[in-house]
Amino acid sequence: MKLEQNYSLKHLNTFGIDQQAASYVLLREGAELAEAINQAKGLGQELRVLGGGSNLLLTQDQPHFFVQPGFDNIQVLEESNTTVQVRVDAGFNWHNWVLYSLNQGWYGLENLSLIPGMVGAAPIQNIGAYGVEVKDFVKAVHFRSLRDASQHVLSNEECRFAYRDSLFKQELKGEIFIESVVFELLKQPNINTSYGAIEQELEAMAVKNPSPKDVSAAVIKIRQSKLPDPAVLGNSGSFFKNPILPVKQVNSLQEQFPNIPVYPISEQEAKVAAGWLIEQSGWKGKRVGPCGVHEKQALVLVNYGGASGAQVLSLAKDVISAVEERFSVSLEPEVNVW
Ligand code: FAD
Ligand code: NAP
């Protein structure tokens, strides 16, 4: 385990913001966390976990001791005729894990193709796309305490997964290091193409009876056509969450704005597309200095090069104010602002 001090995080966050970590170590196994905790204590620094840096906005140099999982084993735990349970280490790249699972004939994660980041972060905000959430396939999450490196495991139910949310973003926020995730995947495909442009894309690909690999390929194509590639244009995906509002408020919005996209969540609540609210507020494609709102996807803020985290945050605040003013809806960041 090699301790780096005053370490640039520029290449470790997909916004490409140039800020430093006071300390940084890449852990070769979960057990090394105990040593990191001691070192951080000695330096009087708080521990912070870094994954692939794809859900972060760094607004200042970080006075913390960063640990990042640098281990990525895969282990089959149990197999039946219909399902397989696989334990995947936190440091495995998410998209590579999706491709690996499909190649093994283990199905379920195809709609979650091409999401950046590491496996260890996936349960934190219960990553989701195209009508699938990771919670649908998580059996258990193994983690260590950031206080004493003690090991714990939570079942799917105990993780309290919700829309882009979990216990790890609430009570356990900043308290734990996810070491591995156990997935339960299917051996028979159960594909879901009903969401967004998947069917259209499969048609364009001339695929009639899609396999999970076809669905994955379609999702990859759609995402590549709509979303900026962080390697080319810095971003952290959707900067804002889609607001979930009381049905009464949604009804009143629909009366004023009949075209507003609304998706029912329960009898009491409905989800409103934040991207539409931003577009209607005049911010889609707008550039402010070195950053801006992406021209194809208004939920995504981008760094055209050399933007500081403070500049991106200021842009986010302007977008929030504009939406608040027009729709009386308060957008909240999905991205972790550090
Ligand atoms: P990081 O950004 O490094 O960290 C995020 C948070 O998780 C931080 O609080 C960090 O401390 C914590 N964390 C990370 N790893 C661990 C660990 N092992 N233990 C404990 N805490 C940890 N998200 C979606 O849900 N759906 C999408 O479709 C989607 N598309 C995206 C597209 C693009 C182009 C980009 C840039 C982002 C997108 N995202 C999407 C957001 C992001 O990819 C996910 O939230 C991803 O899970 C973040 O993983 P990461 O490893 O980069 O985490
Ligand atoms: P899209 O398909 O154009 O849809 C726009 C919005 O409407 C999305 O936010 C989506 O909500 C919602 N929506 C569309 N169809 C829906 C349905 N049938 N039921 C419920 N909600 C529906 O979105 P997009 O921008 O191209 O993204 C495609 C998918 O990738 C979405 O699931 C999106 O969440 C995911 N994505 C996430 C991030 C991130 O950083 N979090 C970044 C890029 C893409 P949901 O967002 O709840 O699905």
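Every number here is computed from the coordinates shown, using simple stated rules; none is lab data. Note that the structure is predicted; figures quoted are calculated from it, not measured. All Cβ positions, even for glycine, are placed from backbone atoms using ideal geometry, and neighbour counts span all protein chains on display.
Remarks
- Potential lengthening of the chain between residue 93 and residue 268 amounts to 59.3 nm, from the contour at 0.36 nm per residue minus the alpha-carbon distance.
- When shorter helices are ignored and each DSSP H run of at least 4 residues is given -39500 (n - 2.57), the per-residue value for the chain at 222 nm works out to -7000 deg cm²/dmol.
- Backbone N within segment 88-123 under 16 Å of label point (7 Å from residue 224 Cα along the Cβ vector): 95-96, 99, 113-116
- Relative to the current alpha-carbon distance between residue 295 and residue 257, full extension at 0.36 nm per residue lengthens the span by 11.4 nm.
- When both segment 299-331 and segment 58-92 are represented by their alpha-carbon centers, they are found 31 Å apart.
- Extended-chain gain in nm, criterion 0.36 nm per residue less alpha-carbon gap, residue 43 and residue 304: 90.4 nm
- Backbone phi angles across segment 142-156, fed through the Karplus curve with coefficients 6.51, -1.76 and 1.60 (θ = phi - 60°), yield HN-Hα couplings of 9, 9, 10, 6, 6, 7, 9, 6, 5, 9, 9, 9, 10, 7, 3 Hz in residue order; Gly and Pro are listed as x.
- In this calculation the C-beta distance from residue 213 to residue 75 is compared with R0 = 35 Å, giving a FRET efficiency of 0.90.
- Put simply, the Cα atoms of the chain extend 58, 52, 38 Å along their principal axes, the longest span coming first.
- As a calculated quantity, the FRET efficiency between residue 249 and residue 158 at R0 = 35 Å, using C-beta atoms, amounts to about 0.65.
- log10 of Debye I(q)/I(0), alpha-carbon scatterers only, for segment 205-281 at 0.11, 0.20 Å⁻¹: -0.48, -0.93
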